[in-house]
1. Specify the residue that is modelled with the lowest pLDDT; the eligible residues are those in region 249-288 that are in contact with a helix residue (DSSP H, G or I) (Cβ under 8 Å, 6 or more places away or on another chain) and acidic (Asp, Glu).
2. Restricting the search to region 404-421, which residues are free of Cβ contacts under 8 Å to residues at least 40 places away in the same chain and over 19 Å from ILE439 (Cβ atoms)?
3. Looking for whichever is part of a helix (DSSP H, G or I) and surrounded by fewer than 23 Cβ atoms within 10 Å (Cβ to Cβ) here; the options are GLU217, GLU234. Which one fits?
4. Of all residues being free of Cβ contacts under 8 Å to residues at least 40 places away in the same chain and surrounded by 15 or more Cβ atoms within 10 Å (Cβ to Cβ) in region 422-433, which is nearest to the chain's Cα centre (by Cα)? Just the residue, please.
5. If you scan region 434-461, which residues turn out to be in contact (Cβ under 8 Å) with a residue 12 or more places away in the chain and assigned to a loop (DSSP other than H, G, I, E, B)?
6. Could you tell me whether ILE279 is buried (at least 22 other Cβ atoms within 10 Å of the Cβ), part of a loop (DSSP other than H, G, I, E, B) and not polar (S, T, N, Q)?
7. Among the numbered conditions (1) within 24 Å of GLU384 (Cβ to Cβ); (2) among the aliphatic types (A, V, I, L, M); (3) surrounded by 21 or more Cβ atoms within 10 Å (Cβ to Cβ); (4) in contact with a strand residue (DSSP E or B) (Cβ under 6 Å, 6 or more places away or on another chain), tell me where LEU137 comes up short.
8. Quick check: anything in region 173-184 touching a residue at least 60 places away in the same chain (Cβ under 8 Å) and exposed (fewer than 15 other Cβ atoms within 10 Å of the Cβ)?
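The values are calculated or read from the model by the stated rules, or taken from the named source; none is laboratory data. Everything quoted here is computed from the prediction, not taken from an experiment. Heads up, the Cβs are rebuilt from the backbone with ideal geometry, glycines too, and the neighbour counts pull from every protein chain shown.
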Amino acid sequence: MNQPVLIIGAGPVGMITALFLDRLGVPSLLIEKRKQLPDIPRAIHLDSEIINILKLVGLDDFITNQIYPSKGLFLFGKNTNKKFLQANLNFNNECSSFLFDQNHLEQELLREIEKSINISLKYNCEFISAYNQKAELAVQGQVIDQSFSYLIGTDGANSKVADVSGIKYTEYPYRKINYKVDFITDQPPNYQNRIEKFCSTNGSFVRMAFKDRVRVEITNNPNGEAEYSIKLIEKLAQTRVKKVLHADKYYFNTRIANKWIVDRTIIAGDAAHTMPPYIGEGLCNGIRDAFNLSWKVAFCYYNGHHDFLIKSYSKERKNNVKKYIGLTLLTGFLFTTSLRYILKPFELLGIPLKINQKPVKKGKSDLIIPKFDLLANVATVGREWDYMRHLYNSFTIITSEDLSKGAIKEITRLFTPFNVNFYSPEDKIAQSVLRILKIKKVKSVIIRPDLSVLFSGILNEASRIKIQNTFKKEIIS
C-alpha cells in the first residue's frame, strides 16, 4: 500500500492516531473541517493508563508540567452534604487519576505533529464521502478526490464518516442535560485536585478544581434552566468567580456503534462510542482505541490488508468500552437517582465506601488472553513504566524453549516490518514483564506492539501456524 492513511477529525484521538502511525513510518493525511481547534475547556480527566500512552508520543514534558494528580472521586448527598461514597482512584501508592486542560494537550500534540515528516494536517477541509478507497473532500469550495489505504473516522459524536458508511448505534436509555461553567478563581477551594459530586434526583451537581481552574456542572432535566447566575455558581463552587472561561449547556447520551469497520473505513473515539462524563473516561477510551488500532493498520499498510487482524480492533475495544459504559452508568444512577440510597447503611454508620479502580481487561479474540494486558497491569506499578515502554512498537518474545534457527527466522519474518526481540526468562526485563503479568509458569509469551499478550503457551508447529493465520495466511508452511 502506498496511499496514506486518511484520518477525519483532528481532535486528540485523531492526532494521537496520526502520531502512533508516524512512529511506525506510516504516512497520514489528517483533516479538520474547522479553521482551527476550539479554544474552550472540554475534557478534564485522564487515567494513569492514558498517561503512559501519551508518553509514547513524546509528551513527557507536558505530563510533568501540566498534569495534576487527583485525590479521587467523592459522592455526597446534596441535601445533607454527607459523604456516602469515596472512589480512591489509586492502583497503588502512586496516583492513577489526573486533571488536565484539553487545550494544552492539543497544543502539545500539534507541536509533535509539526515535527513529523509523515503527517500532513489540513484545516478547513471537509469529508464528503468515500468509495473504493477514494474519498471526496471539500477544500475551500473545491471538491477533490483523495486516495487512501485506510480511512479512520475520529470526527466525534455526530460522525459524518459513520453516517456515510451506514453505521448504526445501540442507544442506552440514559440522556441528560448538563450546564457547565469553567472559570478562573483567585481563592483556591478546599476540594483542590479532587472531584466532588453532590447527588440528588433534581439539580445534582459536580465540582472540581486544579491550579486556578474550577469547573461546576449541574445536571438538569430537558426542561430545566437554560443558564444559572454567577451568584449560584459561586455558592455551589464555594469560591469566587474571577473570570468565566466558558459556559455552555450540552446534551449527552450513551451509545455504541454496532459496526466499527466497513471495508477499509474504521471509526474510533466518540464516533464509535459516547458515554456520560461521570467518571471522565470518554476521551480516555478514544485514546485506547487509537493505541489498539494504529499498529494493526501499520502492519497491514506494509504487508497487505488482513481482515482478521483489523477486525480484532473492534472485537477487543468494544468489550472494553462496554465495561466502562457500565461503570459510568452505575455512577450516573448513583449521582442522579434515588438508587444511591442502597448505600444508606454506610451513610448512617458514617463509613465511607471505598472503591479501588482496577484495570478493565481487554476483550477476547482467537489469540488474545484477556487477563494478560501489560499496559493495564503496568498502571498498577507505575514505577516500572520507563522500563516497559521500550517494548512498545515491537514484538517481544520471552521463551525458555530451544527454538531452531528456522523457527526464529520464520517468526521474525512473520512480524516484519516490526522488530522482534527475544528474551530468556532469566533476563531482567523478562522477569519484570512476567512479574507484572503474574505469569509464573509458561514456555513462551509473545507481547504485541501495544503491550497486550498475543500468545502464551508452547511455540510448537501448530501454535505457530495459528499465529501465522492471524497475520499472514500466505506464508503458512
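1. Within region 249-288, the match that is modelled with the lowest pLDDT is GLU281.
2. Of all residues in region 404-421, those free of Cβ contacts under 8 Å to residues at least 40 places away in the same chain come to 404-406, 408-409, 412, 419-421.
Listed by number, the residues that qualify are SER404, LYS405, GLY406, ILE408, LYS409, THR412, ASN419, VAL420.
3. Working: GLU217 fails: part of a helix (DSSP H, G or I).
On inspection, the qualifying residue turns out to be GLU234.
4. Here is the first cut: in region 422-433, the residues free of Cβ contacts under 8 Å to residues at least 40 places away in the same chain are 422-428, 430-431.
Cutting the leftovers down to surrounded by 15 or more Cβ atoms within 10 Å (Cβ to Cβ) gives us 422-423, 425, 430.
Numbers: PHE422: 29, TYR423: 30, PRO425: 31, ALA430: 27 Å.
Going through the qualifying residues, I end up with ALA430.
5. Going through region 434-461, the residues in contact (Cβ under 8 Å) with a residue 12 or more places away in the chain turn out to be 434, 436-439, 442-459.
LYS438, ILE439, VAL442, LYS443, ARG448, PRO449, ASP450, LEU451, ILE458, LEU459 - these are the residues of region 434-461 that are in contact (Cβ under 8 Å) with a residue 12 or more places away in the chain and assigned to a loop (DSSP other than H, G, I, E, B).
6. Numbers: buried (at least 22 other Cβ atoms within 10 Å of the Cβ): yes; part of a loop (DSSP other than H, G, I, E, B): yes; not polar (S, T, N, Q): yes.
Yes, satisfied.
7. Unmet for LEU137, out of (1) within 24 Å of GLU384 (Cβ to Cβ); (2) among the aliphatic types (A, V, I, L, M); (3) surrounded by 21 or more Cβ atoms within 10 Å (Cβ to Cβ); (4) in contact with a strand residue (DSSP E or B) (Cβ under 6 Å, 6 or more places away or on another chain): (1).
8. Going through region 173-184, the residues touching a residue at least 60 places away in the same chain (Cβ under 8 Å) turn out to be 174-184.
Subset that is exposed (fewer than 15 other Cβ atoms within 10 Å of the Cβ): 175, 184.
Yes; the residues of region 173-184 include at least one that is touching a residue at least 60 places away in the same chain (Cβ under 8 Å) and exposed (fewer than 15 other Cβ atoms within 10 Å of the Cβ).
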